[in-house]
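J.: The structure follows.
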Amino acid sequence: MEAMQHEDMLTQLDAAFQAGDAPDVYMERGGGELADHVEAGLTKDLTDAAAEEIELLGGTVQGWTVDDKVYALPFSVGVVGFWYNTEMFEQAGITEPPSTWEEMYDAIDQLKAAGMEPISVGAGDKWPAAHYWYQFSLRHCSEEVLTDAVQSLDFSDECFIRAGEEVEQLVAAEPFNRGFLSTPAQSGPTSASGLLATEQVAMEMQGHWEPGVMAGLTEDGEGLGDKLGWFPFPEVEGGEGDPEAQLGGGDAWGVAADAPEEAVDFVKYMLSDEVQRGFAERDMGLPTNPNVTDAVADPALAQLLEVRDSAPYVQLYFDTAFGQSVGGAMNDAIALMFAGQATPQDIVDDTQAAADAEG
Amino acid sequence: MTVLPVAPRGTTDPPAGRSARPAGARGRDWRMAAEIVAFTAPALLLFALFVVWPILRAVQFSAFDWNGFGPLVDFVGLQNYVRVLADEVFVAAVGHNLLIVVASILVQLPLGLAIALLLNRRMRGQGMLRTIIFVPYVLSEVIAGVVWFQLLQPGRGVVEGILGTVGLEGPYQGFLGTPELAMPTLIVVLTWKYVGLAVLLFLAGLQGVPHELTEAAQIDGASWWQTQWRVTIPLLGPTIRMWMFLSMIGSLQLFDMVWILTGGGPANATTTMATFLVNEGTKRQNYGIAAAASVVLFVIALVMAVLYQRFVLRRDTADADVPRGVR
């Protein structure tokens, strides 16, 4: 067993799969990646072997299902929202976290007027910037359009253009930290997460892992401590999407195709009340086992969990959902928009071109 | 100068020798061949395993649409090459590589020569100065990259701190985040990193310039400047041409420093062929396209290397093959 940083793990896992030397139990992110693994016959079908656990997890396993077969058991699923510094918000005179984009733009102005940098974004790593476009798409596109896009890789719906226009407008309002184009996501104290942890910016849009990342980036290992607050992505005006729907994703345990039966038993054990409760009590993630959701101690994480559980559906991060080939092209185009070098139409065109090349 | 023993003709030119030689030489030839095989086999084996085989595999991958998992089944012929060569990011990357080739030579050649000529004079602290100039080259490229990345932090880094003391403000996106400034910044860092190699090679070359020649020039009344320009630098020719070759190949394959400093961004302003292919391969899992890009990079580097050998280095290497004393 070996612990490693997220991106290192992805690279090593790819190499292990290519070499035919995959670990018996590994972390599976679902979506297009899982579909690739299934197509190449690398991962075990758990539908019957873990039927009990699958029933317990309910709809959460949807993201790890290909052709009605479940290939991995999610142990932590979270949603992306804004992490913020409650003290800085107070100082800027913001009493309530914004719930619409109109309020968000007001908050940005207030923070700027108080001499603070409102939002950090790790556009150097592209995906943190891309999450803005995903979020706006989620608010502007109906669930049917998104579900259909994942299946057919068709991005011609007008709502994707509107998402791009929203991102363009946001970038033009200059809410982001100085030098955001070369800012990394989470490596070091000058990364986007580091800037929030060291109180250089007031907020950052990130996934549920943010408190853990920030703890690792501060000397006392506390991150923002009890100054940390969370609010979901604000509503947009005239969007066709459900305002309660959330962008998210999670981590699941998959079992390699040639692994022994014990590996399956081990994965089932990892989803047991006992393990999941310990996982939750230590604030290591957001448990998927519904029997233990009350064990999450951190108030910000508990709030995030509530939003997750009341969401009509959780849309998997687009880059994971569409697979790395299409997702990578999409992220690159969105990063270009942050640099002022792509239009809303360019994002759709580049993504569509990568999707067509795949088909 | 030691005159090398002249090898029997048969070893370097077997086809011509075979028919012309008496039968008695056969046994000796056979033993000679066995020796050559025995001594070169380990090196050839390693070369085949770690150079030839990967190149062949890359060529093979480049003909398939492959996401890295499972067997190669989706044969697409030359389609990956078409996509790479039609990709404006890749075409721009080729341009960036060529720009770095030219800029490296234009900046590092005069700078390296000047430093080498200065350090070649007797002076206090000569050894220490040489070490300081050479240290960046010895430093791992990744470590140097991380250090520069921190120094160049927008708004918070040391470089902008220094600018601040004289009342200047750095660009809003920082030196590495502003598309127009990222490439010049990269070239400055590369110069810092690699000028040490040029200086070291030139200093070594200067040791081969006979003292009598410069002395004779001085006796004839040449100034220090004239001595360098008319005597020393022309005699450094082979060293300079060799360094340019190394610099050119290094610039074409440039990866580490770019990957650490900018990742090829912002807005693809510093993408090189190598960062393009790594991005296509490991980030997007388009291994076929990545392989095609790597083959294009290989061909460009090979053609430039062969042309350079043929037209620039030929005289120098011909001299090296046959020492002057023999001719």
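The values are calculated or read from the model by the stated rules, or taken from the named source; none is laboratory data. Just so we're clear, the structure is a prediction, and the values are computed from it rather than from any experiment. Cβ atoms come from the backbone with ideal geometry, glycine included; neighbour counts cover every protein chain shown.
J.: When you scan the stretch A:1-92 for strands (runs of 3 or more DSSP E) that lie fully inside it, which ones turn up with 3 or more residues that are of a type in the set (Gly, Ala, Ser)?
T.: Answer list for the stretch A:1-92: A:72-79.
J.: Now for a separate question. What pairs come up if the first residue lies in the stretch B:84-107 and is farther than 14 Å from B:Asn279 by Cβ, the second is part of a helix (DSSP H, G or I) and among the hydrophobic types (A, V, I, L, M, F, W, C), and their beta carbons are under 6 Å apart, counting only those six or more places apart or on different chains?
T.: From the stretch B:84-107, the pairs are B:Asn97/B:Leu252; B:Asn97/B:Met273; B:Val101/B:Met248; B:Ala103/B:Ile187; B:Ile105/B:Met244.
J.: Please go through the stretch A:333-359 and pick out each residue that is in a helix (DSSP H, G or I), under 12 Å from B:Ala267 (Cα atoms) and either facing chain B (nearest Cβ under 8 Å) or touching a residue at least 24 places away in the same chain (Cβ under 8 Å) (or both).
T.: Within the stretch A:333-359, A:Ile334, A:Ala335, A:Leu336, A:Met337, A:Phe338 meet the criteria.
J.: Suppose we filter B:Leu203, B:Leu176 for residues that are modelled with pLDDT of 90 or more, away from chain A (no Cβ under 14 Å) and either surrounded by 15 or more Cβ atoms within 10 Å (Cβ to Cβ) or in contact with a strand residue (DSSP E or B) (Cβ under 9 Å, 6 or more places away or on another chain) (or both); which single one remains?
T.: Residue meeting the stated conditions: B:Leu203.
J.: Restricting to the stretch A:168-194, give me the number of residues that are crowded, with 22+ Cβ neighbours inside 10 Å, within 14 Å of chain B (Cβ to nearest Cβ) and assigned to a helix (DSSP H, G or I).
T.: Going through the stretch A:168-194 one residue at a time, the tally reaches 5.
J.: Is there any pair with a first residue in the stretch A:48-63 that is at positive phi and a second that is surrounded by fewer than 17 Cβ atoms within 10 Å (Cβ to Cβ) whose Cβ atoms are under 8 Å apart and which are 6 or more apart or on different chains, and what are they?
T.: If the second residue must be surrounded by fewer than 17 Cβ atoms within 10 Å (Cβ to Cβ), the pairs left are A:Gly58/A:Pro290.
J.: For A:Val213, indicate whether it is among the aliphatic types (A, V, I, L, M), at pLDDT 95 or above, out of contact with any strand residue (DSSP E or B) (no Cβ under 6 Å at 6 or more places or on another chain) and not in a loop (DSSP other than H, G, I, E, B).
T.: Answer is no for this residue.
J.: Restricting attention to the stretch A:107-121, which residues are farther than 20 Å from A:Phe338 by Cα and without any contact (Cβ under 8 Å) to a residue 60 or more places away in the chain?
T.: A:Ala107, A:Gln110, A:Ala113, A:Ala114, A:Gly115
J.: Tell me, which residue of the stretch A:317-332 that is at the interface with another protein chain (Cβ under 10 Å from one of its Cβ atoms) and of a type in the set (Gly, Ala, Ser) is surrounded by the most Cβ atoms within 10 Å (Cβ to Cβ)?
T.: Taking the candidates together, the pick is A:Gly327.
J.: Tally up the residues in the stretch B:198-251 that are assigned to a helix (DSSP H, G or I) and among the small types (Gly, Ala, Ser), please.
T.: Taking the stretch B:198-251 as the starting set, the residues that turn out to be assigned to a helix (DSSP H, G or I) are B:198-207, B:211-219, B:224-235, B:237-251.
Keeping just the survivors that are among the small types (Gly, Ala, Ser) gives B:198, B:204-205, B:216-217, B:237, B:247, B:250-251.
Result for the stretch B:198-251: 9.
J.: Out of contact with any strand residue (DSSP E or B) (no Cβ under 8 Å at 6 or more places or on another chain) and either in a strand (DSSP E or B) or not assigned by TED's automatic domain parsing to the domain that holds A:Gly59 (or both): which single residue out of A:Glu274, A:Glu262, A:Glu240 fits that description?
T.: Just a single option satisfies the conditions, and that option is A:Glu240.
J.: Something else now. Restricting attention to the stretch A:195-210, does a residue exist that is free of Cβ contacts under 8 Å to residues at least 24 places away in the same chain, over 22 Å from A:Phe338 (Cβ atoms) and not in a strand (DSSP E or B)?
T.: Yes, the conditions are met somewhere in the stretch A:195-210.
J.: Of the residues that make up the stretch B:188-199, is at least one modelled with pLDDT of 95 or more and within 14 Å of chain A (Cβ to nearest Cβ)?
T.: yes
J.: Here's a follow-up. Among the residues of the stretch A:160-184, what is the count of those that are modelled with pLDDT of 95 or more and either closer than 23 Å to A:Ser325 by Cβ or of a type in the set (Val, Ile, Thr) (or both)?
T.: 6
J.: Follow-up. Looking at (1) polar (S, T, N, Q); (2) modelled with pLDDT under 90; (3) assigned by TED's automatic domain parsing to the domain that holds A:Ser325, which is the one condition that is false for A:Gln62?
T.: A:Gln62 satisfies all of (1) polar (S, T, N, Q); (2) modelled with pLDDT under 90; (3) assigned by TED's automatic domain parsing to the domain that holds A:Ser325 except (3).
Quick grid of which residues meet (1) touching a strand residue (DSSP E or B) at 6+ places or on another chain (Cβ under 9 Å); (2) within 13 Å of chain B (Cβ to nearest Cβ); (3) farther than 13 Å from A:Val267 by Cα:
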| site | (1), (2), (3) |
| --- | --- |
| A:Asp14 | no, yes, yes |
| A:Gln18 | no, yes, yes |
| A:Met27 | yes, no, no |
| A:Gly30 | yes, no, yes |
| A:Leu34 | yes, yes, yes |
| A:Leu42 | yes, yes, yes |
| A:Leu46 | yes, no, no |
| A:Ala50 | yes, no, no |
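J.: If you don't mind, there's one more thing I want to ask. Identify all residues within the stretch A:213-236 that are small (Gly, Ala, Ser) and farther than 29 Å from A:His140 by Cα; write none if there are none.
T.: A:Ala215, A:Gly216, A:Gly221, A:Gly223, A:Gly225 - these are the residues of the stretch A:213-236 that are small (Gly, Ala, Ser) and farther than 29 Å from A:His140 by Cα.
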